[in-house]
Amino acid sequence: MAQVGLRACEDEIRNYIEARDFDRAIALGQHVLQYYPKYLKIYNFLAEACLGKESYDEAADLLMRILAVD
């Protein structure tokens, strides 16, 4: 299986969000978090995708996770 760098994943998630393909952005973001659960930038992307889907409670939860980091 080919390895993909985090930067490439960030770019792909950002592209999905820009294309309004929020479900794919969320799926890829959740996949990345399985391996890097403390990678805050991904939580931000997920929150943005949730806002795009009008899933406001989920977006708020994700943003609160970012703010809770010490």
Handout entry: In the range 19-70, the residues that are among the charged types (D, E, K, R) and touching a helix residue (DSSP H, G or I) at 6+ places or on another chain (Cβ under 9 Å)
Key = R20, D21, D23, R24, K41, E48, K53, D57, E58, D61, R65
Fill in the blank from the handout: Residues of the range 30-65 being assigned to a helix (DSSP H, G or I) and among the aromatic types (F, W, Y), in sequence order, are Y35, Y43, F45, Y56
Exercise for the section: Out of the residues in the range 35-47 that are under 19 Å from R14 (Cβ atoms) and open to solvent by 90 Å² or more (accessible area, probe 1.4 Å), state the one that is nearest to the chain's Cα centre (by Cα). Expected result: K41
Exercise for the section: Just give me the residues in the range 48-59 being open to solvent by less than 60 Å² (accessible area, probe 1.4 Å) and among the hydroxyl-bearing types (S, T, Y), in sequence order. Expected result: S55
Handout entry: Candidates I17, I26 - the one that is β-branched (V, I, T) and in contact with an Asp or Glu (Cβ under 8 Å, 6 or more places away or on another chain)
Key = I17
Handout entry: Selection status of A25, modelled with pLDDT of 95 or more and either surrounded by 14 or more Cβ atoms within 10 Å (Cβ to Cβ) or polar (S, T, N, Q) (or both)
Key = yes
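The values are calculated or read from the model by the stated rules, or taken from the named source; none is laboratory data. Keep in mind it's a predicted model, so treat the numbers as computed, not measured. Heads up, the Cβs are rebuilt from the backbone with ideal geometry, glycines too, and the neighbour counts pull from every protein chain shown. Just so you know, the surface numbers come from the protein's heavy atoms only, side chains and all, with ligands and any DNA or RNA stripped out. Shrake-Rupley method; radii C 1.70, N 1.55, O 1.52, S 1.80 Å.
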